[in-house]
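One structure is given here, and the rest of the page talks about it.
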Amino acid sequence: MADTRRGHRDDSIYFDHRVGTACLDARLHKACAGRWRGVISLGSAPDGKRVRRKVSGQSKTDVKTKLQALHDELREGPNTSATYTVRQAVEDWLASSLDGRSAKTVSAYREVLDPLTTLIGSAKLRDLTARQVRSALAELSADRSTRTLEIARNALVRAIHMAEANDLVGRNVASLASVPTGTAGRPSRSLTLEQAKSLIQQARKSRLYGYIVLCLLTGCRTEEARALRWDHVDLDGRPGADPPVPPHVAVWRSVRAHGDVNPWRCQDEKVKAHRCGCLPQRSRPCAPPGGELQRRHRSPLVLRRHGDQRDDRLIIFNPVHSDGSQANSLAHELAHMFLEHEPGPAIGPGGCRVWDQEMEEEEEEANLLAATLLVPRAAALACARIGLPHAVGAARFGVSADVMQWRTNSSGAAVQARTEARKRGRTIPQLTKADIAMIVAECDLAWLSELSDKEWRTLLRLCGRALASRSLDELAKCLEPPLCTG
């Protein structure tokens, strides 16, 4: 008699009888009450517990089909959840991804998303389609403005993106859905020119006269004007500077929940991001005292000094950013030089940022080249093949984890690694966010940047073995400096 026992780690298929019922057909279970079940074993978790994925169906054939589809899914991408709904994704995002936001902001997002989740909230997230999202937005467009629909769609994209990062869904279909045109928004409540003149005239005798004039003529927000201090007000300016600096106010803080100001934010009070507005003849931004650009941007600015025959260029970056972010900023500017992009004024005559389509294309080219300069594709591929956390690779190449992840994905290294693993019948180990956070917290990774290429390749082999065995302790030992510093 042939041995019908399944092999090691083969799929398990069995019939699960309904509680309280008897088996009427021990061989085929055609007359039995219950369902067929299928189980895939994925090995053991770091804590020793077995990791399994289960499916069910009315017949044995259904279960075999679902098991095959599950195998395909495991080879192609993350282990998505069959029970996770759109509403759960939205609630998780509102609860955990809006840290630092005020309760009013969270409430505003919830109010915008509630009508959308009423329509598609019960849908399983991995079964959600772009057509369903588009249909729901089209239904809401009958009585909601286009801006409200854009906010709802963007919030849904962010919620699904968080689920995607947690391996609860394979792709973000909401990002593929376009926003339909909604109803016309409410009429503007801005003052007309005549109303503004009348307000200034009536306010002349009021102690709030300066406050009203400042807000009307500079565009300064009321919550920012209330937090203004005299050391941030320059009533004289510097007319003899090149270029001249008119009288202005520097907006450094506000009376909001966190005291920040838009559109630039910074946590360090010494370099708190701010805006400047001329007093009060002009209402556009201008440079602060000294003619130096004090605004902190996410990326550096290249300025050319006008009126000087020398081609002096100044690179400005954010000193409160991490070393990895600063390295990316400098590599970005080097990329502009290598690509021979003609530098131009970053700030226009009115003090506003200069930006056009040509600059946008050049910035994209510089971003791609900067990532190539910092992280070679072969190095990104070697890390992706063993499932090395991006934070570890980032420490090796002196970049941020976000840049390392972007380089791995944009270069195609991640796709190539998954394809190679699928052809060899194996899966690339993936650590959870909690495991990665623990590794980063316990291990000082700064020493990785000092390794030679040979030492780095040795370390990659050791880390690959630890990741394949799903042992966090072994991985932590691999990342200890004494291991490779001999």
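Of all residues in segment 66-89, those that are modelled with pLDDT under 85 have Cβ atoms under 7 Å from Cβ atoms of residues that are open to solvent by less than 60 Å² (accessible area, probe 1.4 Å) and among the hydroxyl-bearing types (Ser, Thr, Tyr), 6 or more apart or on another chain, in GLU73/THR80. Scanning segment 429-486 for residues that are farther than 26 Å from ALA165 by Cβ, open to solvent by 40 Å² or more (accessible area, probe 1.4 Å) and not in a helix (DSSP H, G or I) yields SER452, GLU480, PRO481, GLY486. Counting just the residues of segment 192-228 that are on the phi < 0 side of the Ramachandran plot, in a loop (DSSP other than H, G, I, E, B) and in contact (Cβ under 8 Å) with a residue 12 or more places away in the chain, which one comes out most open to solvent (accessible area, probe 1.4 Å)? Among them, the one singled out is ARG226.
This table checks each residue for (1) modelled with pLDDT under 90; (2) touching a Gly at 6+ places or on another chain (Cβ under 6 Å); (3) surrounded by fewer than 21 Cβ atoms within 10 Å (Cβ to Cβ); (4) among the acidic types (Asp, Glu).
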{"site": "CYS352", "(1), (2), (3), (4)": "yes, no, yes, no"}
{"site": "GLN357", "(1), (2), (3), (4)": "yes, no, yes, no"}
{"site": "GLU360", "(1), (2), (3), (4)": "yes, no, yes, yes"}
{"site": "ALA366", "(1), (2), (3), (4)": "yes, no, no, no"}
{"site": "THR372", "(1), (2), (3), (4)": "yes, no, yes, no"}
{"site": "VAL392", "(1), (2), (3), (4)": "yes, no, no, no"}
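If you filter segment 122-147 down to residues that are part of a helix (DSSP H, G or I) and open to solvent by less than 50 Å² (accessible area, probe 1.4 Å), you find that the one that is nearest to SER81 (Cα to Cα) is LEU125.
Evaluation of VAL112 against the conditions (1) in a loop (DSSP other than H, G, I, E, B); (2) in contact with a helix residue (DSSP H, G or I) (Cβ under 8 Å, 6 or more places away or on another chain); (3) not hydroxyl-bearing (Ser, Thr, Tyr) shows that the sole unmet condition is (1).
Evaluated against (1) within 30 Å of VAL133 (Cβ to Cβ); (2) in a loop (DSSP other than H, G, I, E, B), SER175 falls short on exactly one condition, (2).
The values are calculated or read from the model by the stated rules, or taken from the named source; none is laboratory data. Note that this is a predicted model, so its numbers are computed, not measured. So basically every Cβ, Gly included, is an ideal-geometry build from the backbone, and we count neighbours across all protein chains shown. In case anyone asks, the SASA skips ligands and DNA or RNA and just uses the protein heavy atoms, side chains included. Shrake-Rupley method; radii C 1.70, N 1.55, O 1.52, S 1.80 Å.
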